[in-house]
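The values are calculated or read from the model by the stated rules, or taken from the named source; none is laboratory data. As the structure is a computational prediction, the values presented were derived from the model and not from experiment. Don't worry about glycine lacking a Cβ; one is built from the backbone with ideal geometry, like all the others, and counts go over all protein chains shown.
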Amino acid sequence: MNPHDVAVTRLAASWLLWYPDEQLFERVPDIRRVVADLPKRTREPLEAFLGWFGQQDPLELAREYVTTFDMRRKACPYLTYWTHGDTRNRGMAILHFKQAYLAAGFDAGDAELADHLAVVLEFAAIGDQLTGDALLAEHVAAIGLLHSALESMGSPYALLLEAIVATLPEITDEITERMAQIATQGPPVENVGLEPFSIASIGVRR
């Protein structure tokens, strides 16, 4: 996919990974519009998710979201949880994300922790794509595990992860170099055996 399509896919998925509140409902028509122009490999899973989303009662959507992401650890959307669990080291790993955002001049806000997949995707889409690619590459195993967990649960949110996985970068020399640069700005991510464009119609989640 070209960089524009990758960015659109990531930003759409980022929005749809947020809690389904009034702000998200208002944005769904715009998300549908931009998704329609994506290539098949990301358009189809995103449209399938949007089809399911549009058929649900808002209260049921909220209940599904909480049940999926807040009540089950195996579907945790916080990437450092997969590498550090609920340990003291996880705070330092989250700082790793914050410092990468600050170095790129990106304000991630405070609605979620910096390692939430939705925040990382937004940064990769409209912040700094190379740094975003590096962060996603570092946590490709965690993203794959989350995808598998959602599939095993039969969750519609697995469709979003399917689209996200299609945008994961190949580990080029440039990405490897950026990963090394990020590591020098903060604590390195600890491995534990886990193998620019404008889209004003959607905007930035805050």
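So here's what we get for this one:
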item: Residue that is modelled with the highest pLDDT, among those in region 75-99 that are under 17 Å from Ala142 (Cα atoms) and polar (S, T, N, Q); result: Thr80
item: Subset of region 113-161 (residues that are over 14 Å from His96 (Cα atoms) and of a type in the set (D, E, K, R)); result: Glu122, Asp128, Asp133, Glu151
item: First in region 1-14 and farther than 15 Å from Arg33 by Cβ, second anywhere and acidic (Asp, Glu) and outside any loop (DSSP other than H, G, I, E, B), Cβ under 6 Å, 6 or more apart; result: Ser14/Glu122
item: Set Tyr81, Tyr19, Tyr65: member being out of contact with any Ser or Thr (no Cβ under 8 Å at 6 or more places or on another chain), among the hydroxyl-bearing types (Ser, Thr, Tyr) and surrounded by fewer than 16 Cβ atoms within 10 Å (Cβ to Cβ); result: Tyr19
item: Helices (runs of 4 or more DSSP H) contained in region 1-85 and holding at least 2 residues under 17 Å from the mean Cα position of the chain (by Cα), within 17 Å of Ala166 (Cα to Cα) and of a type in the set (A, V, I, L, M, F, W, C); result: 3-16, 40-54
item: Subset of region 135-171 that is assigned to a helix (DSSP H, G or I) and among the hydroxyl-bearing types (Ser, Thr, Tyr) - its residue that is surrounded by the most Cβ atoms within 10 Å (Cβ to Cβ); result: Ser148
item: Unique residue being surrounded by 19 or more Cβ atoms within 10 Å (Cβ to Cβ), of a type in the set (A, V, I, L, M), modelled with pLDDT of 80 or more and at negative phi when the list is Leu113, Leu121, Leu102; result: Leu121
item: Which listed residue is in contact with a Lys or Arg (Cβ under 6 Å, 6 or more places away or on another chain) and outside any helix (DSSP H, G or I), from Gly109, Gly105; result: Gly109
item: Residue match in region 23-38 (condition: aromatic (Phe, Trp, Tyr) and under 19 Å from His116 (Cα atoms)); result: no
item: Residues being of a type in the set (D, E, K, R) and crowded, with 21+ Cβ neighbours inside 10 Å - total across region 124-134; result: 1
